[in-house]
Amino acid sequence: MVDTIEATRTQPNASFRRVQGSVSIEQAAFASRISLRAKEDAVGPLSTALGLVLPTRPKTSSVSGLRSALWLGPDEWLVIDQSGGDLMAVCATVDAIHSSADISHRNTAFIVSGEDAADVLNAGCPQDLSLAAFPVGAVSRTLFGKAEVVIFRVTEDTFRLECWRSFAEYVGGLVREAASEVIF
């Protein structure tokens, strides 16, 4: 007789939620993610299959329902599906040459929101995250402290902060610390 073990997926900092002054910081729900690489001629077929237009301009994103495509480079996107859809299966239907890798278990995210959210993130990020310089839909792969992150401005006062799971405790700690220092 063989014993079976049922594995469950847990988020780092799963119970993480903090409200500090005018900023709320919480662990984002699990999402499917792929790292997608493709040349220009594959962008159309991939966009059709994914149900959203892959952005082709720096610092931009595209959103359709619970699915987002974040521009990371001239031929690179982070595609996030918050409904947990099988992005690899979707990309497998496309004949155009491309590369996709499932990074759902590698990444996690924090949602930082509130009127001082940009100031909190700027405590650890050198980029200008003001609304004028980083409008709704803007995306950037950058540093937060010493960790590589992807910052996505979802609304005027809400950011999605993507990081590797192995950096989640570090990034979450820095965000909490920044919130306690920026918000009086």
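The values are calculated or read from the model by the stated rules, or taken from the named source; none is laboratory data. Treat the numbers as computed from the prediction; the structure is a model and nothing was measured. Every residue, glycine among them, receives a Cβ derived from its backbone with ideal geometry; neighbour counts consider all protein chains shown. Remember, those area values only see protein heavy atoms, side chains included, never the ligands or the DNA or RNA. Shrake-Rupley method; radii C 1.70, N 1.55, O 1.52, S 1.80 Å.
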Checking a compactness column here: for the chain, what do you get for Rg(Cα) / (2.2 N^0.38 Å), N being the number of residues? 1.07
So what's the net charge close to D128: Lys and Arg +1, Asp and Glu -1, counting the other residues with Cβ under 14 Å from its Cβ? +1
Placing one equal point scatterer on each C-alpha of the range 130-184 and summing with Debye, one gets log10 I(q)/I(0) at q = 0.14, 0.17, 0.29, 0.31 Å⁻¹ equal to -0.40, -0.58, -1.16, -1.18
Kindly report the accessible area of the chain per residue (heavy atoms of protein chains, probe 1.4 Å, no ligands, DNA or RNA), in Å². 52 Å²
Roughly how many Å² of L131 are accessible to a 1.4 Å probe, to the nearest 10? 70 Å²
Counting Lys and Arg as +1 and Asp and Glu as -1 over every other residue whose Cβ sits under 9 Å from the Cβ of V149, the net charge comes to -1
Plugging the Cβ-Cβ distance of E181 and D95 into 1/(1 + (r/R0)^6) at R0 = 35 Å yields, to the nearest 0.05, a FRET efficiency of 0.10
Specify the angular offset, from 0 to 90 degrees and rounded to the nearest 10, of the alpha carbon long axis of helix 168-182 from the longest principal axis of the alpha carbons in the chain. 40 degrees
How about the range 85-184: which trypsin sites (Lys or Arg not before Pro) there lie in a loop by DSSP and see at most 10 other Cβ atoms within 10 Å? K146
To the nearest 10 degrees, how steep is helix 40-50 against the longest Cα principal axis of the chain, on a 0 to 90 scale? 80 degrees
Accessible area of the chain belonging to carbon and sulfur atoms, whole % at 1.4 Å probe: 53 percent
Work out the length of the dipole vector of the range 35-165 about its Cα centre, built from +1 on the beta-carbon of each Lys and Arg and -1 on the beta-carbon of each Asp and Glu, and round it to the nearest 20 debye. 220 debye
One-quarter of the Cα convex hull surface for the range 87-131, in nm²? 5.5 nm²
Kirkwood-Stokes translational diffusion coefficient of the range 70-151, alpha-carbon pairs, 20 °C, 1.002 mPa s, µm²/s: 144 µm²/s
